Structure formats: C-alpha cells, structure tokens
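Presented below is the structure to which this report refers.
Since every read-out is calculated from the coordinates, none of them should be taken as a lab result. Just so it is clear, the model here is predicted, and its values are computed rather than measured. Glycine gets a Cβ as well: all are built from the backbone with ideal geometry, and neighbour counts include every protein chain shown.
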Amino acid sequence: MRVLGAILAGGQSRRFGSDKAEALFEGRALLDHVADALRPQVAALVVAGREWPGLSKVADLPEPGIGPLGGLAGALDQAWRHGFDAVLSSGCDVIGLPADLAQRLGTGPAIVADMPIVGLWPVSLRELLLDWLSGSENRSVYKFADHAGAQRVKLDVALRNINRPEDLS
C-alpha cells in the first residue's frame with residue numbers, strides 16, 4: 001500500500017496562544033517531531049494548511065479555516081491526484097507517535113481511539129469527505145470517522161496532544 005503522510009497544521013492555535021507547530025519540545029519544533037515519526041512510514045510527506053521548510057504544502061479543502069477535516073480533505077485530494085492508496089494523518093501537535101503506527105491502523109479507515117486526528121484514511125474516502133464538508137456544519141473528526149466506518153484502534157502507548165504551553169512540560 002502506497003501511503004501519503006499528512007501533518008495537519010492549518011489551525012489557529014487559539015488555546016496555545018502562539019503558533020503550536022513552531023513551539024519547541026526537547027529543543028525541536030513540534031511539527032518536526034511529527035514529521036520525523038511519520039516519514040519512515042510513508043512514501044511521501046506533506047503539511048496541510050501551511051508552509052513548512054523542507055515539506056510540500058497541501059491546501060485545506062474546500063477552503064481554509066474549517067478545521068482538521070479541511071486539512072484531511074486536502075491531503076486525500078493530493079493522494080488521489082498522485083496515485084497513493086491512503087493518507088496517514090496526524091496533527092502537528094502530537095508527541096509519541098509509534099514507529100509502526102501505519103501497521104497498527106491496518107488498511108483503514110481507522111483512527112486512534114482517543115485521538116481521531118491520528119488515522120489512516122483510504123483515498124476512496126475523498127469524495128465522501130468532500131461531500132460531508134459541503135453538506136454539513138458538523139466538523140467533528142469523530143463524527144466523520146463514524147460516518148466513514150472507521151475502526152477505533154486503542155494503542156498501548158500514550159500519545160500527547162499539546163494544546164497549551166504547559167502541556168510541553
């Protein structure tokens with residue numbers, strides 16, 4: 001299976017108070033930690049919703065500012081256009097992604113049970129998600145995952161979602 005890695009990074013970081021992607025954890029930007037965890041598991045890696053040095057940008061679809069599902073829709077569209085089978089996604093603020101995450105999520109659709117932004121999404125869901133975003137005011141990743149029939153996978157490792165500066169310590 002040919003997988004595109006997608007780091008969803010188009011958010012406003014309102015709760016954090018500054019750009020989360022650039023926040024330092026152990027001396028490196030959060031987004032770089034995520035990139036390093038995903039890179040060995042995917043054929044290519046992109047960032048959805050923003051520019052980042054060394055990585056290609058994918059625009060949120062159908063428009064910016066609609067949350068993580070917009071970034072996922074952009075990544076699925078990119079994957080569809082370039083012959084990938086699936087997208088392995090993570091937010092830019094997730095620490096502790098396992099080295100075998102893609103394998104643990106199977107063939108998808110699947111999400112990490114307590115962190116739905118981390119998931120494996122077959123490219124066949126592209127149209128379903130674009131339709132969902134055009135016809136629904138609901139931007140919940142959990143609700144879309146349920147709508148798409150995504151399996152909820154419990155990991156035996158704890159992922160950390162960095163939402164506030166104090167979460168870095």
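Numbers for the structure displayed
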quantity: For peptides 87-100, 55-68, 34-47, sequence by mean Cβ density within 10 Å, most packed first; calculated: 87-100, 34-47, 55-68
quantity: Rg/Rg_globular for region 42-169, with Rg_globular taken as 2.2 N^0.38 Å and Rg from C-alpha atoms; calculated: 1.01
quantity: All lysines inside 21 Å of K154 as judged from Cα atoms, apart from same-chain residues fewer than 8 positions distant; calculated: K143
quantity: Under 20 Å from the Cα of K20 - lysines, other chains or at least 8 residues apart; calculated: K57
